[in-house]
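Here is the structure we will look at.
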Amino acid sequence: MPLSPSHLKKISAEVRLSGIPKHSQTIILAALENNIPDQIIRPRDLKSVVGLSKCHVDRLEREGMFPQRVRLGKAACGWRYSEIKEWFETRERGLN
């Protein structure tokens, strides 16, 4: 089901999609469209989503100021979209 331009604009205001690979955009948009709260954002896509370097995210995560990653396997991890979204909202309110 294709997304309308107005819906796409609303979604892109919520999540930065520029620079994210097309396959990841599809996953993120599907999660938002279907209200799936715990879609996993993989490390290769995280920088494009949050706009921070890997080193900075690692530092914030160690300091407890960024959501903890979820282990998906021996070498795979990711972050829950719902936690990333909540982190954004907290930063917008100036609480972090």
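The values are calculated or read from the model by the stated rules, or taken from the named source; none is laboratory data. Note that the coordinates shown come from a computational prediction; the quantities given were computed from them, not determined experimentally. Note that each Cβ is placed from the backbone with ideal geometry, even for glycine, and that neighbours are counted across all protein chains shown.
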Inset, instruction - Say whether the condition of being surrounded by 13 or more Cβ atoms within 10 Å (Cβ to Cβ), of a type in the set (Asp, Glu) and at pLDDT below 90 is met by at least one residue in segment 35-47. - result: yes
Legend entry - Those residues of segment 48-65 which are at pLDDT 90 or above, surrounded by 15 or more Cβ atoms within 10 Å (Cβ to Cβ) and under 15 Å from Cys77 (Cβ atoms), in sequence order: Val57
Inset, instruction - Just name the residue that is farthest from Arg44 (Cα to Cα) out of those in segment 70-96 that are in contact with a helix residue (DSSP H, G or I) (Cβ under 8 Å, 6 or more places away or on another chain) and outside any helix (DSSP H, G or I). - result: Asn96
Legend entry - Residue within segment 47-65 that is hydroxyl-bearing (Ser, Thr, Tyr) and in a helix (DSSP H, G or I) present: yes
